Amino acid sequence: QAGLARLPVQQAVLLLDVTLMTPSAAVQSGMKDPVLAPPVQARGKVLQLLGVSKVQEAHRYEHGKHGLFTYYLLKGLSGAADQDHNGFVALGELFDYARAQVSRTAKAEYENEQEPACIPALIPASREWNLPLTRVK
């Protein structure tokens, strides 16, 4: 993240389908949910979309041959997340789509939670919300 913050780019977006700590390891270590915050030097320049928002397992999704979060990111970038049907998938659209689909699928198929997060928080009023990621046909 520090290296990305030093690059001559306006904005870097990291898409991470990771398990921060398994629930059983968290219990053993006495750890509560991790505090997710961008490093000081990356603020305003690096956005992270994470497959989990707390101590949760990032599920493998056999149906999609990827992690659950990766599957819905790829599906969203292919056009499923284009909520306003303007031919572009924006960052906010992708995050909303992936968060809803991952949460729903984790509960239905694995009977537990997996809630994606964006660090820092992504809100519709932010300029990053409309950052175009891909053009769809």
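Annotation for the stretch 83-101: no member residue is over 14 Å from L49 (Cβ atoms), part of a helix (DSSP H, G or I) and either at pLDDT below 95 or not aromatic (F, W, Y) (or both).
Residue count for the stretch 118-137 under the criterion of being in a strand (DSSP E or B), surrounded by 16 or more Cβ atoms within 10 Å (Cβ to Cβ) and touching a Phe, Trp or Tyr at 6+ places or on another chain (Cβ under 9 Å): the result is 2. Which members of the stretch 43-57 meet the condition of being small (G, A, S) and open to solvent by 20 Å² or more (accessible area, probe 1.4 Å)? Residues satisfying the conditions are G44, S53. Kindly check whether there is at least one residue in the stretch 103-110 that is of a type outside the set (D, E) and closer than 21 Å to A12 by Cβ. There is no residue in the stretch 103-110 that is of a type outside the set (D, E) and closer than 21 Å to A12 by Cβ. For the stretch 82-105, the criterion of being open to solvent by less than 50 Å² (accessible area, probe 1.4 Å) and in contact with a Ser or Thr (Cβ under 6 Å, 6 or more places away or on another chain) is met by at least one residue. Of all residues in the stretch 45-82, those satisfying the criterion of being over 16 Å from P124 (Cα atoms), among the small types (G, A, S) and at pLDDT 90 or above are G51, G67, G76, S78, G79, A80.
For N112, the criteria (1) in contact (Cβ under 8 Å) with a residue 40 or more places away in the chain; (2) part of a loop (DSSP other than H, G, I, E, B); (3) open to solvent by 30 Å² or more (accessible area, probe 1.4 Å); (4) touching a Phe, Trp or Tyr at 6+ places or on another chain (Cβ under 8 Å) hold in every case but one, which is (4). Of the residues making up the stretch 38-82, just one is more than 25 Å from Y110 (Cα to Cα), assigned to a strand (DSSP E or B) and out of contact with any Cys (no Cβ under 9 Å at 6 or more places or on another chain), namely V46.
The values are calculated or read from the model by the stated rules, or taken from the named source; none is laboratory data. All values derive from a computational prediction rather than experimental measurement. Neighbour counts are summed over all protein chains in view; Cβ atoms, including those assigned to glycine, are modelled from backbone coordinates with ideal geometry. SASA here: full protein model, heavy atoms, side chains in, ligands and nucleic acids out. Shrake-Rupley method; radii C 1.70, N 1.55, O 1.52, S 1.80 Å.
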